[in-house]
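Notes follow once the structure below has been shown.
The values are calculated or read from the model by the stated rules, or taken from the named source; none is laboratory data. Only a predicted model underlies this, so the values are computations on that prediction, with no experimental measurement involved. In this analysis, Cβ positions are derived from the backbone assuming ideal geometry, glycine residues included, and neighbour counts consider all displayed protein chains. All accessible areas refer to the heavy atoms of the entire protein, side chains included, with ligands and DNA or RNA removed. Shrake-Rupley method; radii C 1.70, N 1.55, O 1.52, S 1.80 Å.
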Amino acid sequence: MNDYFIHKDHNAEDVRLKARPSGQSTKTSLCVITFYHAISILSKQCLDAGFCALPEFMIINQSCLKYKHVQYRDAYFDRTIITFMSTEEATAPSNFIRNIIQGDLDSGKHTAIQTRFPPEPNGYLHIGHAKSICLNFGIAKDFDGLCNLRFDDTNPDKEEEEYMHAIEEDVKWLGFEWSELKHASDYFQPLYMFAVKLIVEGKAYVDSLSADEIREYRGTLKAPGKESPHRNRSVEDNLGLFQRMKEGEFEDGAHVLRAKIDMASPNMNMRDPTLYRIKRTHHHRTGDDWVIYPMYDFTHCLSDAIESITHSLCTLEFEDHRPLYDWVLDEVKTPCHPQQIEFARLELKYTITSKRKLQQLVTEGHVNDWDDPRMPTISGMRRRGYTAAALRDFCDRIGITKKDSSIEMAVLENSVREDLNEYALRVMGVLNPLKVTIKNYPDDQVENVEAQNHPQNPDMGTRKVPFSKTIYIEHDDFMEDAPKKFFRLSVGREVRLRYAYYITCTDIVKNSNGEVIELICTYDPETKGGSSPDGRKVKGTIHWVSAEHAIDAKINLYDRLFTHPNPGSTENFVEHLNPESLQQLSHCKLEPSLANANPETHYQFERTGYFILDKKDSAKDKLVFNRTVTLRDAWAKIDKQNNS
């Protein structure tokens, strides 16, 4: 069978339907048609092929019929991937976790599913957390279950209310609602009683070794540990010491409570791990009620059990902690014993997903804040203009596996492009302005040309854009000594102004340094709207803004935060920061409709990229736009060179 492609030109005015026999790379042009005509042709071909449904401007590929895998990429950039979506009810992509859960439901082990997302409130969430959020909340939703948001607030030294509010906002923004909002600190009293139970049963003891001594006694991966001289204290002594720890009689570090498991275990986590430590730190929720705080491994499993979590989903670094997770629950004998299941964490190229390292970038001033649009934090991506739908789509695409891998940044950016392409308003903005004077255009005349808000979606309507004698175009759209295949403006050459007229450059004006600062052009008044009565063809179409009506704006052009594809694996990741990760442009010229830009509205600056108003730095008289993503992947060639 053939695969059918929609080929759209750079200006999105028409499309080209192409066919490629399966297994062949050669594409043969069939015709040039309108976008919606292309859809109708594809629909007819789809029906002729025996399918029962019409595609939504998607490539017809029989292997995709069972999946809801909808993609669109601009063929002008050699990126046409359009996937057919069948009317068969789309199901969530299967993975090993879903298979386990479905098996538990089928066997009767569980009758309902309960998950949780348990972040530590010690920083802002990043793209890796987005994967976990989509997994935990998504599974609960798909299996008609519940998902709690639980803050693991057991380390008050690093926790702040600011982080908690930011986490709640991020989860809601991604499109999820928690069943209950919980905190590990809600369970400080029952956790303490569980610890007492372990002491009474001889499964835990108070150790008076220093932190360095505990580390020394622990042993190595090749050598077993040594038992602490305090390991065999009596139950009475341990209960008394633990009570006095709770009452604040001892200094920080004087004692810890440890589980009594096996100092010779090949799993280092089972060598009498610490369960409680003394920490005189004010807690943002419990105040000064507690001076001892439970450790993560002790808190996490018991919090899961208290909340009747059925499946505790976490990343692979906790795989070696699972025996301890199960040991605590078995020894405490909780009525509910959740199943811990590990999956591969998200590693994204050209950035980092370590909160500690992200904190370093903030505190050392390498970025402006946690929501700097270059940061992989959810708040940074939101400020940059990434959408919740795009992040959810990205998480669906990369899937859930047990094997660590590094994901190309282009995968995330393509999800963003494809989402924004559907509804971003098309506008014109000139980032590097070059003045153009149309000498035969009436001096005082201003006319409004009609521009489409979205060429592929007529329902989004049109707008009026003023046109006058003096306009601005992009500097890159002019070349003084242009090669033959340069189809934009040059002396003696004619181009189409988007929605307006054909113009021809007749002369140039240079400054004292020999730089071109102005173009002198003529226009053909018979070509309004972009076509000529005599039918002559113009290959180049460029965007513009009227100089008299243009508004000034500052534009932030963002790029990869690092130049190294895996900065976290290097000795000093800061050395690989990209000095060109932020380029700030002043006095950019935008069409006047953007004077009332909404910070929640996404825009495509035609032929340039997707942008959004920066709601943090913008003011009514000082507009600042952030580039969300370019129209094509400029790093693809760089990555190819690096891998060759």
Scan the range 386-409 for residues that are assigned to a helix (DSSP H, G or I) and touching a Phe, Trp or Tyr at 6+ places or on another chain (Cβ under 7 Å) and jot them down. Ala388, Met409
Consider Phe84 against the criteria (1) at pLDDT 95 or above; (2) assigned to a loop (DSSP other than H, G, I, E, B); (3) aromatic (Phe, Trp, Tyr): it satisfies all of them except one. Which criterion is unmet? (1)
Looking at the range 182-190, is at least one residue farther than 30 Å from Trp370 by Cβ and within 41 Å of the chain's Cα centre (by Cα)? yes
Would you tally the residues in the range 220-239 being part of a helix (DSSP H, G or I) and open to solvent by 30 Å² or more (accessible area, probe 1.4 Å)? 4
Residue that is farthest from Glu159 (Cα to Cα), among those in the range 261-301 that are surrounded by 19 or more Cβ atoms within 10 Å (Cβ to Cβ) and among the hydroxyl-bearing types (Ser, Thr, Tyr): Tyr276
Which residues, counting only those in the range 143-165, are open to solvent by 80 Å² or more (accessible area, probe 1.4 Å) and within 17 Å of Gly175 (Cβ to Cβ)? Leu146
Does any residue in the range 174-188 that is at negative phi come within less than 8 Å, Cβ to Cβ, of a residue that is surrounded by fewer than 20 Cβ atoms within 10 Å (Cβ to Cβ) and of a type in the set (Val, Ile, Thr) six or more places away or on a different chain, and which pairs are these? Ser185/Thr286; Tyr187/Ile306; Phe188/Thr286
Need at least 1 residues that are closer than 23 Å to Asp534 by Cα, open to solvent by 70 Å² or more (accessible area, probe 1.4 Å) and not aliphatic (A, V, I, L, M) per element, so show me which strands (runs of 3 or more DSSP E) inside the range 423-517 make the cut, counting only ones lying wholly within it. 447-452
Criterion first (part of a loop (DSSP other than H, G, I, E, B) and open to solvent by less than 10 Å² (accessible area, probe 1.4 Å)) does Gly123 satisfy it? yes
Given (1) within 38 Å of the chain's Cα centre (by Cα); (2) outside any loop (DSSP other than H, G, I, E, B), where does Arg258 come up short, assuming only one miss? (1)
Starting from residues that are more than 40 Å from the chain's Cα centre (by Cα) and among the hydrophobic types (A, V, I, L, M, F, W, C), keep the ones in the range 479-516 and report whichever is farthest from His543 (Cα to Cα). Val509
Quick check: anything in the range 551-570 touching a residue at least 40 places away in the same chain (Cβ under 8 Å), of a type outside the set (Gly, Ala, Ser) and under 25 Å from Gln445 (Cα atoms)? yes
Regarding Tyr187, is this residue touching a helix residue (DSSP H, G or I) at 6+ places or on another chain (Cβ under 8 Å) and crowded, with 16+ Cβ neighbours inside 10 Å? yes
Find all pairs meeting these conditions: Cβ atoms under 7 angstrom apart; at least six residues apart or on different chains; first residue within the range 466-480 and modelled with pLDDT of 95 or more; second residue of a type outside the set (Lys, Arg) and in a helix (DSSP H, G or I). Pro466/Pro592
Please list, ordered by residue number, the strands (runs of 3 or more DSSP E) wholly in the range 537-644 having 1 or more residues that are in contact with a Cys (Cβ under 6 Å, 6 or more places away or on another chain), crowded, with 17+ Cβ neighbours inside 10 Å and modelled with pLDDT of 95 or more. 551-558
